[in-house]
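These notes concern the structure reproduced below.
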Amino acid sequence: MRYDFASDNTAGMAPEALEALAAANAGYARAYGTDDITRRAADLVRQRLDFDVEVRFVFSGTAANAIALSMLAWPFEAVLAHQAAHVCTDETGAPGFFGQGVGLVGLPGFSGKVDPRALAAALEEPEVGHRQPPAALSLTQSTEYGAVYTCEELEALITPVKARGHGVHLDGARLANAAAAGFDLKVIGRLGVDALVLGGAKAGAMCTEALVLFDKSLARRLDNRLKQAGQTASKARLLAAPLLGLLETGAWEAGAAHANTMARRLATGIVEATPWVLAHAVEANAVFLRMPVAAHRALNAAGWACYRFNDGSVRFVCSWATTEAAVDELIAAVASVSG
């Protein structure tokens with residue numbers, strides 16, 4: 001089975017991340033995040049964001065997202081998010097678990113972007129004692145469908161939320177791909193985002209995710225919270241080092257740019273060589289195809305791992321490791337099942 005395009009999690013560690021991990025493994029260092037490697041990685045995150053933020057490195061995006069949301073809403077409140085957002089569809093209720101009952105309210109919107117009108121309607125809902133009122137908004141950049149919010153689009157969503165005193169969380173599992181597509185990371189804090197998850201795993205950094213707090217008041221007893229959640233690494237330098245390697249060398253952005261380029265190559269080839277149409281514009285590293293069930297099954301049977309997404313389209317994801325040869329092989333395979 002070929003897993004090249006099943007997910008950007010199927011690729012291994014990028015060479016720059018692996019080299020940084022090997023270098024960090026030599027000798028001895030202070031434990032529990034007090035080492036120089038963890039400090040340098042956190043400083044590079046601050047540099048990328050151009051903001052004085054609190055940074056912690058955790059083992060998974062699910063934990064990072066759920067812990068961040070638990071800081072923004074009480075157990076009797078809810079978080080607004082796109083109905084296809086990872087926190088709503090793929091985290092097994094983790095936000096409610098870490099938030100001791102925090103609810104999730106899914107909102108519509110094309111290509112994974114929250115529709116501003118739907119958000120406005122949700123914010124205008126009268127508060128009653130029988131349901132959880134919204135206390136925060138969770139956004140995803142780039143979205144689950146590979147769309148990239150513009151700064152103006154984010155501002156239009158964040159401004160009315162902040163005007164009500166609510167919090168804002170940004171799931172940046174594929175933030176590198178958004179940055180490679182032209183999104184300016186330095187606007188995140190200025191837009192009013194309170195908590196960000198800066199992704200490392202999909203960028204080639206093993207399992208590392210950075211939990212970033214723009215609102216530093218949320219960091220009170222953060223280390224206690226992470227320890228209780230099983231997200232405190234004793235050998236923290238080995239968790240931070242892969243992301244450090246990507247950020248120091250620029251491979252975090254370069255690998256994402258390559259993934260985006262491969263996605264465009266794949267989309268162009270499929271449009272030109274097959275009768276199938278794209279379900280969403282290709283703005284980052286994912287391609288979604290309107291493909292009949294029989295053709296999809298034939299592609300799976302031919303050895304290509306890809307699955308049908310929430311909206312019924314078939315998803316293909318490129319990574320830092322995707323090759324032009326693999327893209328061209330997949331285009332030929334899709335063409336061969338198009339009949």
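The values are calculated or read from the model by the stated rules, or taken from the named source; none is laboratory data. Here the structure is a predicted model, which is why all the values come from computation and not from measurement. Don't worry about glycine lacking a Cβ; one is built from the backbone with ideal geometry, like all the others, and counts go over all protein chains shown. Areas reflect the complete protein model, heavy atoms only, side chains present, ligands, DNA and RNA absent. Shrake-Rupley method; radii C 1.70, N 1.55, O 1.52, S 1.80 Å.
At a glance:
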| quantity | calculated |
| --- | --- |
| Subset of the range 152-176 (residues that are in a helix (DSSP H, G or I) and touching a residue at least 12 places away in the same chain (Cβ under 8 Å)) | Glu153, Leu154, Glu155, Ala156, Leu157, Ile158, Thr159, Pro160, Val161, Lys162, Leu175, Ala176 |
| Residues located in the range 186-200, provided they are out of contact with any Asp or Glu (no Cβ under 8 Å at 6 or more places or on another chain), open to solvent by less than 20 Å² (accessible area, probe 1.4 Å) and assigned to a helix (DSSP H, G or I) | Ile188 |
| Options Glu283, Glu248; residue that is under 30 Å from Arg46 (Cβ atoms), open to solvent by 20 Å² or more (accessible area, probe 1.4 Å), at pLDDT 95 or above and within 17 Å of the chain's Cα centre (by Cα) | Glu283 |
| Where a residue in the range 182-202 is more than 17 Å from Leu244 (Cα to Cα) and at pLDDT 95 or above and its partner, wherever it lies, is among the hydroxyl-bearing types (Ser, Thr, Tyr) and open to solvent by 30 Å² or more (accessible area, probe 1.4 Å), with Cβ under 8 Å and at least six apart | Phe183/Thr150; Gly192/Thr159 |
| Lone unmet requirement of (1) open to solvent by 70 Å² or more (accessible area, probe 1.4 Å); (2) modelled with pLDDT of 95 or more for Tyr307 | (2) |
| Qualifying residues in the range 74-93 (those that are open to solvent by 10 Å² or more (accessible area, probe 1.4 Å) and over 14 Å from the mean Cα position of the chain (by Cα)) - the one nearest to Tyr145 (Cα to Cα) | Gln83 |
| Gly101 being crowded, with 19+ Cβ neighbours inside 10 Å and either over 19 Å from the mean Cα position of the chain (by Cα) or more than 12 Å from Ser138 (Cβ to Cβ) (or both) | no |
| Some residue of the range 42-65 being among the hydrophobic types (A, V, I, L, M, F, W, C), more than 28 Å from Leu191 (Cβ to Cβ) and part of a helix (DSSP H, G or I) | no |
| Residue in the range 253-273 that is in contact with a strand residue (DSSP E or B) (Cβ under 9 Å, 6 or more places away or on another chain) and open to solvent by 50 Å² or more (accessible area, probe 1.4 Å) present | yes |
| Pair list, Cβ < 9 Å and 6+ apart or interchain, from the range 43-59 residues that are acidic (Asp, Glu) to residues that are crowded, with 22+ Cβ neighbours inside 10 Å and not in a helix (DSSP H, G or I) | Asp43/Val55; Glu54/Leu211; Glu54/Val212 |
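Results for (1) farther than 20 Å from Thr89 by Cα; (2) of a type in the set (A, V, I, L, M), shown as yes or no for each residue.
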| residue | (1), (2) |
| --- | --- |
| Val287 | no, yes |
| Met291 | yes, yes |
| His296 | yes, no |
| Leu299 | yes, yes |
| Phe316 | no, no |
